[in-house]
Amino acid sequence: MQHTTPERALAGMLAKHIVSLYDMCFDNSADYGMSTWDEKITDSLNYLFLLKAIVKEGHSNQPD
């Protein structure tokens with residue numbers, strides 16, 4: 001839809017979660033529950049695992 005690569009699409013989704021985690025870390029006025037932390041951290045890790053798989057797949061399809 002956006003005419004981009006899978007790596008760039010994942011990077012955009014990951015960035016959203018990283019910014020959210022950053023905001024949570026520096027927000028002195030809020031107390032976030034463990035479920036919120038777990039969701040943001042787990043989603044970030046999942047995007048990184050997906051990115052690793054996409055990059056690895058791309059490298060395995062290239063001739064040596």
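With a probe of 1.4 Å, find how much accessible area the chain has per residue, and write the answer as a whole number in Å².
Roughly 84 Å² per residue, with all protein chains present.
With a 1.4 Å probe and every protein chain kept in, tell me what percent of the accessible surface of the chain is carbon plus sulfur.
59 percent
Dipole size in debye (nearest 20) for the chain around its Cα centre, Lys and Arg Cβ +1, Asp and Glu Cβ -1?
For the chain, the charge dipole is close to 220 debye.
Go ahead and set up a Gaussian network model of the chain, Cα springs under 10 Å, then flag whichever of Ala15, Ala30, Ala53 fluctuates most.
The residue that fluctuates most here is Ala30.
If every alpha-carbon in the chain counts as one equal scatterer, what log10 I(q)/I(0) does Debye give at q = 0.13, 0.17, 0.22 1/Å?
Log10 I(q)/I(0), no solvent term: -0.47, -0.68, -0.91.
The values are calculated or read from the model by the stated rules, or taken from the named source; none is laboratory data. Everything quoted here is computed from the prediction, not taken from an experiment. Cβ: placed from backbone, ideal geometry, glycine included. Neighbour counts: every protein chain shown. Just the protein is used for accessible areas: all its heavy atoms, side chains included, with ligands, DNA and RNA removed. Shrake-Rupley method; radii C 1.70, N 1.55, O 1.52, S 1.80 Å.
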